[in-house]
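One structure is given here, and the rest of the page talks about it.
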Amino acid sequence: MVKLSSALICALSSLVELNNDIFLDVGCHSGYYPTLFKNYFKKIIGFEPSTKCINILKKIDIDNFYYHQYFVGDENITVL
């Protein structure tokens with residue numbers, strides 16, 4: 001069982017009252033927030049550049065979670 005901080009519980013409680021269509025998780029790592037927020041958003045879109053993390057994300061079975069193996073930033077550069 002995951003123990004949630006009081007700040008996170010407060011944030012989750014406030015989500016219930018909103019019309020939440022899309023949650024963007026930039027740097028979604030292993031899918032912690034998509035797992036927590038799956039019932040609060042119609043669609044969750046994650047971005048994660050790490051191949052190791054993508055292999056973990058492939059195992060997550062959440063119908064409204066979609067992920068992409070991309071870096072996200074404010075410049076268009078090639079990363080080696």
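The values are calculated or read from the model by the stated rules, or taken from the named source; none is laboratory data. Just so you know, these numbers come straight off a predicted model, no measurement behind them. We place every Cβ from the backbone using ideal geometry, glycine too, and count neighbours over all the protein chains shown. Note: accessible area is taken over every heavy atom of the protein model, side chains too, but ligands, DNA and RNA are not part of it. Shrake-Rupley method; radii C 1.70, N 1.55, O 1.52, S 1.80 Å.
The table below gives the values:
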{"quantity": "Residues A11 and K58, FRET efficiency given R0 of 22 Å [Cβ-Cβ distance, rounded to 0.05]", "calculated": "0.20"}
{"quantity": "Gained length - N20 relative to K43, 0.36 nm times residue gap less alpha-carbon distance", "calculated": "7.4 nm"}
{"quantity": "Space enclosed by the convex hull of the alpha-carbon atoms of the chain, per residue, Å³", "calculated": "121 Å³"}
{"quantity": "The chain: angle of helix 6-16 to the longest principal axis, Cα-based, in degrees nearest 10", "calculated": "80 degrees"}
{"quantity": "Mean Cβ neighbour count within 10 Å, used as a protection proxy, ranking 5-11, 47-53, 23-29 highest first", "calculated": "23-29, 47-53, 5-11"}
{"quantity": "CD proxy at 222 nm, helix term only [per DSSP H run n ≥ 4: -39500 (n - 2.57); per residue of the chain; nearest 500]", "calculated": "-8000 deg cm²/dmol"}
{"quantity": "Count of lysine pairs in the chain with Cα separation under 23 Å (8 or more residues apart, or interchain)", "calculated": "9"}
{"quantity": "Per residue accessible area in Å² of the chain, where ligands, DNA and RNA are left out and the probe is 1.4 Å", "calculated": "77 Å²"}
{"quantity": "Carbon + sulfur, % of accessible area of region 8-80 - ligands and nucleic acids excluded, 1.4 Å", "calculated": "54 percent"}
